[in-house]
Amino acid sequence: MVIYMLWLRQIKRYFRSRSRIVGSLGQPLLFLVALGFGFGPVFQRAGQGNYIQFLAPGVIAMTVLFSGIFNGIELIWDRQFGFLKETLVAPVPRLTIMIGRTLGGATTSMMQGVIVAVACIIVGFRPSGAMAIAGGLVFMVLIAVMFTALGTAIASVLSDFQGFQMIMNFLVMPIFFLSGALFPLTGLPRALDLIARIDPLSYGVDGLRSSMTGVSHFGLPTDFAVLLVLTVALLVVGSRLFSRIQV
């Protein structure tokens, strides 16, 4: 019941913020239009095919990543204004509270990802079939839960917005740009290839691209297994750090 109430609160907060819904489309559409059509001819001349087909899964993953990890700001916001204290004094385990918040944040991230996926289809992206869409949704769920848990873990040890934003800028942008969302991972220098293999979003982008277009770098089973393990690990870490919050 508590998990459901916290989940529902996150959803209501999301729909009340119309500016957040509209704003979530700005950066993905910029990438789709500016990069998709700008680099499309170059990408095609290089023998890599349609760049929109390649770019769209990366843009969807980017949307889910940013939305999921920045849900941590809401945790700091609730701590600053006292709502978190009221929640934590409830006679329920903190693990339950953390799971409810994480599921709510992951659901809103999924919603934004679906909105961007529809925008990608309008622009010209074509999934390979109905099963491709279902497989893409599975990977979107894993990405959303994983990075929402990461955002919660980071926000649990911080008390101000400035610190969170600085860490996010230091962490999120490299995670995105080195994940293969914008360029193929084949033929990279050894150092970049190693970083891409360490980057958790690389497996999310590759899983989305593999399930929706049939093009894969690591292989679909590897993508799913790595994401599943990392999601569980970050949920455990996030739960431990959340349980130690002092308000």
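Each Lys or Arg adds one and each Asp or Glu subtracts one; over the other residues with Cβ under 15 Å from the Cβ of R209, this totals -2. Spin-label model, F39 to V157: label points 7 Å out along the Cα-to-beta-carbon direction sit 3.3 nm apart. Reported to the nearest whole Å, the Cα centre-to-centre distance from segment 93-118 to segment 191-247 is 16.
The I195 and Q80 beta-carbon pair, evaluated with R₀ = 35 Å, returns a calculated FRET efficiency of approximately 0.50. Distance between the 7 Å Cα→Cβ label points at L30 and A225: 3.9 nm.
The HN-Hα couplings worked out from phi for segment 172-180 by the Karplus form 6.51 cos²θ - 1.76 cosθ + 1.60 (θ = phi - 60°) are 5, 4, x, 4, 6, 5, 9, 8, x Hz, whole numbers, x standing for Gly and Pro.
Where a number appears in this text, it was derived from the coordinates with a stated rule and is not lab data. Keep in mind it's a predicted model, so treat the numbers as computed, not measured. Neighbour counts run over all protein chains shown; Cβ positions are idealised from the backbone, glycine included.
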